[in-house]
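See below for the structure under consideration.
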Amino acid sequence: MEMLMAVCCLKGSRMLFKNVKSAGIIFNASKKWAVAGIIIGIIIWFLGFEVIGGEWFGMWQSTTWNGLASAERIVGFLLLVLILLHLKDE
């Protein structure tokens, strides 16, 4: 899943850089791959680490490996990037 996220984000970045000087419609349409990669990342870090790891497996109880704080930072960053990607650039 992380590899798929990386591929989608890299392809989305490449398309965004390629179309940065294009018209607003073309540039906004090139955001699809980047948005797909960010959504996959949110699924990995929120669903995988915070929901399944944190609650189902009690990761919050571990003193040696508790990745909830890291997962929250990553999800927060991904949500911010997703919001910025959804802004229309005209």
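Observations
- Dipole of the chain, positive direction: furthest Cα of 22, 67, 87, with charges on the beta-carbon: 22
- Listed by number, the DSSP H helices of the chain that run 20 Å or longer by alpha-carbon position along their axis and have mean Kyte hydropathy of at least -0.5 are 2-18, 68-86.
- Which of 40, 26 has the fewest Cβ neighbours within 10 Å, and the rest in rising order: 26, 40
- Volume per residue for the chain equals 82 cubic angstrom (convex hull of Cα atoms).
- In a reduced charge model with +1 at each Lys and Arg Cβ and -1 at each Asp and Glu Cβ, the range 2-86 shows a dipole moment near 660 debye about its Cα centre.
- Here the simple spin-label model places points 7 Å from the Cα toward Cβ, and for residue 18 and residue 80 these points are separated by 2.9 nm.
- Additional length obtainable on full extension of the chain from residue 55 to residue 10, 0.36 nm per residue less Cα span: 13.0 nm
FYI, it's all coordinate maths here, none of it is from the lab. The model shown is predicted, which means the values in this text are computed figures rather than measured ones. Don't worry about glycine lacking a Cβ; one is built from the backbone with ideal geometry, like all the others, and counts go over all protein chains shown.
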